[in-house]
Structures are given as structure tokens and as C-alpha cells.
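Heads up: the structure comes next, in C-alpha cells.
The values are calculated or read from the model by the stated rules, or taken from the named source; none is laboratory data. As the structure is a computational prediction, the values presented were derived from the model and not from experiment. Every residue, glycine among them, receives a Cβ derived from its backbone with ideal geometry; neighbour counts consider all protein chains shown. Please note that ligands, DNA and RNA were not included when accessible areas were found on the heavy atoms of the full protein model with its side chains. Shrake-Rupley method; radii C 1.70, N 1.55, O 1.52, S 1.80 Å.
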Amino acid sequence: MKLYNTLSKTVEDFVPNEEGKVKMYTCGPTVYHFAHIGNLRTYIMEDVLEKTFRYLGYDVTRVMNITDVGHLTSDGDTGEDKMLKGAKREKKTVLEIAEFYKNAFFGDCAKLNIKTPDIVQPATGCIPEFIQMVETLLEKDYAYFAEGNVYFDTSKATDYYALSGHNTDELMVGVRDDVSEDTNKRNKSDFVLWFTKSKFDDQELKWESPWGVGYPGWHIECSGICMKYLGDKLDIHCGGVDNIFPHHTNEIAQSEAYVGHKWCNYWFHVQHLNDERGKMSKSSGEFLTLSLLESKGYDPLAYRLFCLQSHYRKPLTFSYANIDNAGAAYAKLVKRIANLSREGVADADAVKAYHDKFAEALAQDMNTAQGLTVLYDMLKDSALSDATKLAIASDFDAVLSLNLVREVVKEEAPAVDEADAWILEKIAERAAAKKAKNYAQADAIRAELLEKGITLVDTKEGTTFKKA
Ligand code: AMP
Ligand code: ZN
């Protein structure tokens, strides 16, 4: 298989450490809120990668963490703990929030046919492992203690910027959110391995450590969980492109310092899903969750198809027009396969030939769009019987996971009742008016709804409504 490797910045032949086996690690969600569909794009494409490896005959062990402590609002180790922020927002405990959003995440994954990784490990379950790693990094002199926190000294790392391609001059303290400097750091790029001095005295989850009561930094969690289950040599590490710096850069620095040799050979990054404002995020624009799409009548698998239609290394723009097209294409595709006759026996040679063709498309840096073209070509191939087409579609679905082969196709039923659909349309119209700075029209829409007993509620995640 050929794969683009962020580390070498080229498309390379994928050669795992042990023949036929793939050790794969994926950064999991920070469970302080629902995943947005941008996050889910990354998880869909990672799922396709895992299934591609399996389709090509590899034996895969995949591990994913759940970040339930230590991820601050800025990736540069400043700001509030995201989990604590979520708990305050909902007046619940951090553990309640973690449990709720972890379940919500796996609920979304199930709807998108994303397979659960072989091992899923919450960070709060591995505190002794993180402490042991930090102790070793201190012993090896890669880390230092300053004003209550333990930091990794990035000046000691070999080729710290190899993955990100940054240089020291360009470096900002963090790449996302607010940027502020921690004066305890010896170098701007140093990062916290263990916090005891948090600006937030009310930090809920804390553990005893040799450096005082505190909690782990976000980066050490992924290295620790990865090594606990996959050992000191990893084949492939995955995430969204925003993870390249500083998160994955720091993971490489601390892991290689810890194991004393090269740690991970291939780095796989999924480009962002954007909306019309730019990168989709939880804090700006409409908070687009899978449930929101469902409430508007979209099939989650239409969103999966939408993602598969584009290459994972290209930015993808979400719009309702785009998802409408994907939804129509999905309904047509499923119907076409449902109309194939169930009689007869599949031609094994033809199934094998198409299997190879599909594998070839995926082996070219996971070209899912080309894979879909092979599917459409196959359905048009007049030399194939219906039974053969069904067998091939079912074979491809091991990777595509679009529930392509169904006995009966339900007639489309609207998921929202008509009155709610009308309100949602009005909300969208008002949002567009506000965006165009047409406040008079936006106010008129609010008033029109109020007259009908519908109150609009503006939240950071978008507008919702209450009926009288
Ligand atoms: P988080 O829960 O914030 O740690 O993010 C979960 C995953 O989603 C990470 O792999 C991120 O890199 C990825 N991600 C964040 N924003 C986007 C986006 N707009 N499009 C695609 N992936 C994203
Ligand atoms: Zn991670």
C-alpha cells in the first residue's frame, strides 16, 4: 500500500515493522462535548484506513485513547481544562460529563458504521503509567521541574520540528485558541508533562505524584496509552491535521526520548472539514453534530458517503447543498443495489478481479473516490450477473461500510415533522440575514416566530427554539 507520510512529506510504500501486522494508534475524542461532523470526518477516514489494511490482508491492532483529563482550551498548555469547562457548563461532575459524551461519541460512530477500535482507553485509567514515564524522562534529563509543573525540554529532542516542518522562529506558544506564555518554560516550545500548579484550584480530578497532587498533560496521555498496548515501536499514528503541531510533535519528542530510538514510522493526517467561515469548530458558527443532521432528515450514512467522495488529504467544505447531493446519490445507490435480483450464484473469478481493482484504488494513498468509481463501473458492467454484483458490492462494503446490500429499501420518510422543518428553515434564514448584517430582517423573523408562540434561543452552539 502507498500512503502519504506526514513525517517524510512523501507518498511511501507502507511497510510495517512486523510482516502482515499493523500497530495503529488514533487520537480519540476529548469528551467534554458532542463531536462535530468535522471531528467525525477524521474518525470516518481513520475507520476506512483500518478497514483498508484489513481488506489488504493485514492483521491490525488499533488503539484509541479517550481524553478525559488534561486537555486545556489552548494546545499550548494554557487555559482551562476542557473537561472542567464542560462540567461547569452542565453543572455536572467531570466523570459524569466524560461518561455522557463518551457514550454520545460511540453512538455517533455506530450510526456512521465506524468500527470501535480493538482497545479504547480513557486517560484517567492510566495515571500510574504516565507518572512512570515522567519519572523516566526526568531521570534521563529530558524533563525538568519548575514552579510545581514538570516540563519536557524540547531543546534536548532530536529534530523537534521534523513532523510539522516549523522552525523555532515561527513558533507560537500554541496553535489553536488563545496564545499566552508560561515563564517557567526554558524554551517556548516546552510543554507540560505533569501539572500540580494549575491556575484552576478547583480542578476536579487530581492524583498523588512524586511532584505533588496534580494531573497529566494531554500529550503524555497518548504516548503512554499507545506504548502500554502497542509496545515501543508503532507502525502508524493518526489524527486530524490540527494534531500535527504541537500534539503529535510533542508525542514524538517525549516517546523517542523515553524509548531511546525511532518510535513511529508513518503519520496519517486527515484534512479539515470546513464550513463557509473556515475550519469547523465547536465554538464558532453552527454547531454541526450528527444528531442535528439527522433531525433535519439526513441519513448518517449519506454523510459517510459525502466524506468518502473526497480524498482525505483535501480540505472538504460542508454545505447543505453538498450534503443534499450526497444524500440523493446515497439513496440512488442503495436503491440500485436493492433492485438487483437475489437469484443465482456469484462468479468467483469476477468477484476476485473486482476485489483486486478496488484494493488497487485504496492502495493508492487511500483513494476512496476512485474506489467509488470502481463500484459504479461494476454496477454498470453488463458482463456481470446480479448475483455477482451483489457479492462484489458486499465485498466492497467491508471498507465502505455504507450498508450497500439491503433486502428492502424503505421509502424516504421525513425525520422531522413539517412544523419543525419550517422553524429550522426560518432559523437558517435568520442566520443568513444576520451574517449579511441584515438585522432588521433577522429581527422580523424572530418576531414572526414569536407570534406563533416559538421563542428562539441563541447559544454559542447555534440557535435552538422553544414552543409555548
Ligand atoms: P478533539 O476531540 O478536539 O481532540 O478532536 C478529535 C479529532 O478531530 C482530532 O483528531 C482532531 O484533529 C480532529 N478535528 C478537529 N477539528 C476538525 C475538523 N474541522 N475537521 C476534521 N477533523 C477535525
Ligand atoms: Zn493524541
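Identify, by number, the condition in (1) β-branched (Val, Ile, Thr); (2) open to solvent by 10 Å² or more (accessible area, probe 1.4 Å); (3) within 8 Å of ligand 1 (Cβ to nearest atom) that Thr26 doesn't meet.
So Thr26 meets the others, but not (2).
Test Ser255 against the stated conditions and say whether it is away from ligand 1 (no atom under 16 Å from the Cβ), closer than 30 Å to Tyr58 by Cβ and open to solvent by less than 20 Å² (accessible area, probe 1.4 Å).
The answer is yes for Ser255.
Quick check on the stretch 115-122. Is at least one of its residues open to solvent by less than 20 Å² (accessible area, probe 1.4 Å), in the same structural domain as Val31 (by TED's automatic domain parsing) and not aliphatic (A, V, I, L, M)?
Yes, the conditions are met somewhere in the stretch 115-122.
Residue by residue, here is whether (1) part of a strand (DSSP E or B); (2) at pLDDT 95 or above holds:
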residue: Leu7; (1), (2): no, yes
residue: Glu19; (1), (2): no, yes
residue: Tyr43; (1), (2): no, yes
residue: Ile66; (1), (2): yes, yes
residue: Asp75; (1), (2): no, no
residue: Lys92; (1), (2): no, no
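Can you name the residue in the stretch 216-249 that is of a type outside the set (D, E, K, R) and over 28 Å from Lys188 (Cβ atoms) and is also surrounded by the fewest Cβ atoms within 10 Å (Cβ to Cβ) among such residues?
Gly231
Which of the residues that make up the stretch 131-156 are of a type in the set (S, T, N, Q) and surrounded by fewer than 18 Cβ atoms within 10 Å (Cβ to Cβ)?
Listed by number, the residues that qualify are Gln132, Thr136, Ser155.
Can you tell me which residue is nearest to ligand 2 (Cβ to nearest atom) among those in the stretch 13-47 that are touching a Leu at 6+ places or on another chain (Cβ under 7 Å) and within 20 Å of Met1 (Cβ to Cβ)?
Only one residue fits best here, namely Tyr25.
Of all residues in the stretch 30-61, which are within 14 Å of ligand 1 (Cβ to nearest atom), of a type outside the set (A, V, I, L, M), open to solvent by less than 10 Å² (accessible area, probe 1.4 Å) and in contact with a helix residue (DSSP H, G or I) (Cβ under 9 Å, 6 or more places away or on another chain)?
The answer is Arg41, Asp47.
State the number of residues belonging to the stretch 377-391 that are of a type outside the set (Lys, Arg), open to solvent by 10 Å² or more (accessible area, probe 1.4 Å) and without any contact (Cβ under 8 Å) to a residue 40 or more places away in the chain.
Looking only at that region, the number is 5.
Just for strands (runs of 3 or more DSSP E) wholly inside the stretch 200-317: which have at least 1 residues that are within 16 Å of ligand 2 (Cβ to nearest atom)?
Output list reads 234-240, 264-270.
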